[in-house]
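Quick notes on the structure that follows.
Nothing in this text is a laboratory measurement; each read-out follows from the coordinates by a stated rule. The structure presented is a predicted model; accordingly, all values stated were derived computationally and were not measured. Cβ: placed from backbone, ideal geometry, glycine included. Neighbour counts: every protein chain shown.
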């Protein structure tokens with residue numbers, strides 16, 4: 001098993017598959033790198049070196065008490081990239097992972113970055129505020145926090161059986177995929193996944209998106225019940241200069257599973273545009 005140790009002594013687990021120009025995958029809440037398996041395998045089979053890490057507090061990485069916020073998540077991502085001395089990287093973030101790669105670009109720039117992709121991602125800002133009136137009310141996220149404290153295993157089962165994969169809107173998804181979501185969620189630390197709710201919902205990424213200066217692809221389903229399209233993908237694409245927006249009609253949040261073939265092909269096509 002491969003780990004990098006960060007400046008505060010935290011061990012971050014990562015998987016490093018394939019050879020070629022590097023791609024780094026950042027996962028969503030409350031999951032881990034395994035949620036990217038289909039895309040990691042597909043891209044590695046098609047000529048890319050694909051790295052996926054477990055965010056601190058999730059999966060096989062250390063369950064720290066502190067650092068469960070976006071600046072530290074971005075610093076951990078930087079530690080992985082620096083440890084492997086990756087150059088000309090394509091950063092791909094799903095949901096919370098989209099926030100992580102956005103904060104990485106905001107804090108560290110694009111000296112090592114060739115491209116960026118936001119998939120069903122939380123930027124620019126999920127929470128409704130005075131200057132973000134289209135966001136989701138705080139009660140939505142307080143409800144997730146309440147569910148986590150009451151019975152987080154049930155919360156994760158309910159997410160998987162309902163809005164995450166769109167099963168409550170008629171999307172067909174296997175019980176095994178739902179079970180995998182639950183298993184990945186329960187492998188994360190209770191405190192870490194609880195604090196991460198604030199990290200993905202209340203972090204303002206608008207300043208980070210303004211610093212994107214590499215080709216960027218934004219992919220979002222227009223029936224995303226977790227990060228609504230208007231709040232996430234549509235708003236992010238409008239703030240990133242020159243961004244390409246791909247809308248998956250009728251697609252839910254968890255398109256890494258429900259639309260894995262389409263997503264893999266779209267990611268590969270975008271990767272292949274670099275240097276063409």
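For a footprinting-style exposure proxy, rank 136, 149 by other Cβ within 10 Å, fewest first.
So the ranking, lowest neighbour count to highest, is 149, 136.
Sequence gap at least 6, Cα distance under 8 Å: using those rules, report the relative contact order of the stretch 18-140 to the nearest whole percent.
In percent, rounded to a whole number, it is 25.
Viscosity 0.692 mPa s, temperature 37 °C: Stokes-Einstein D of the stretch 168-276 from its Kirkwood Cα radius, in µm² per second? Let's see the in-between values first.
Working: Rh = 16.0 Å.
The diffusion coefficient I find is 206 µm²/s.
Hey, if you drop one equal point scatterer on each alpha-carbon of the chain and run the Debye formula without solvent, what base-10 log of I(q)/I(0) do you get at q = 0.07, 0.09, 0.10, 0.13 Å⁻¹?
Here log10 of I(q) over I(0) equals -0.21, -0.35, -0.44, -0.78.
Can you work out the FRET efficiency for the pair residue 230 and residue 150, with r the C-beta to C-beta distance and R0 = 41 Å, to the nearest 0.05?
After rounding to 0.05, the efficiency reads 0.85.
What does the convex hull of the alpha-carbon atoms of the stretch 47-159 project to on average, in nm²?
9.0 nm²
Quick check: residue separation of residue 214 and residue 262 times 0.36 nm, minus the Cα distance between them. What number comes out in nm?
On the way: separation 48, 0.36 × 48 = 17.28 nm, distance 2.31 nm.
Length gained, residue 214 through residue 262: 15.0 nm.
Assign one of three labels to the stretch 229-276, namely rounded, prolate or oblate, based on the Cα gyration tensor with a ≥ b ≥ c the square roots of its eigenvalues; rounded applies when a/c is under 1.5, prolate when it is not and a/b is larger than b/c, and oblate otherwise.
oblate
Calculate for the chain the 222 nm mean residue ellipticity that helices alone would give, adding -39,500 (n - 2.57) per DSSP H run of length 4 or more and normalising by residue count, nearest 500 deg cm²/dmol.
After summing the helix terms and dividing by the residues of the chain, the value is -12500 deg cm²/dmol.
How far, in nm, would the chain grow between residue 191 and residue 274 when pulled straight, counting 0.36 nm per residue and subtracting the alpha carbon separation?
25.9 nm
Let me make sure I get this right: for the stretch 91-137, a, b and c are the square roots of the gyration tensor eigenvalues over alpha carbons, sorted descending. Under 1.5 in a/c it's rounded, otherwise prolate if a/b > b/c, else oblate. Which is it?
Taking the square roots of the gyration eigenvalues as a ≥ b ≥ c, the stretch 91-137 is prolate.
How large is the Kirkwood hydrodynamic radius of the stretch 18-80, in angstrom, based on all distinct alpha carbon pairs?
Mean inverse Cα-Cα distance, inverted, gives 12.3 Å.
Using the beta-carbon distance between residue 238 and residue 172 and R0 = 30 Å, what value does 1/(1 + (r/R0)^6) give for FRET efficiency, to the nearest 0.05?
It comes out at approximately 0.40.
Can you pull the one-decimal nm distance between simple spin-label points at residue 139 and residue 198, each 7 Å off the Cα toward Cβ?
With each label placed 7 Å out from Cα toward Cβ, I get 2.2 nm.
When DSSP beta bridges are limited to those with both residues in the stretch 2-272, what percentage is antiparallel, rounded to the nearest 5?
For the stretch 2-272, the DSSP antiparallel bridge percentage is about 25.
Would you mind calculating the relative contact order of the chain from Cα pairs under 8 angstrom and at least 6 residues apart, reporting the percent as a whole number?
On the way: 583 pairs, mean separation 57.9, N = 276.
Here the relative contact order equals 21 percent.
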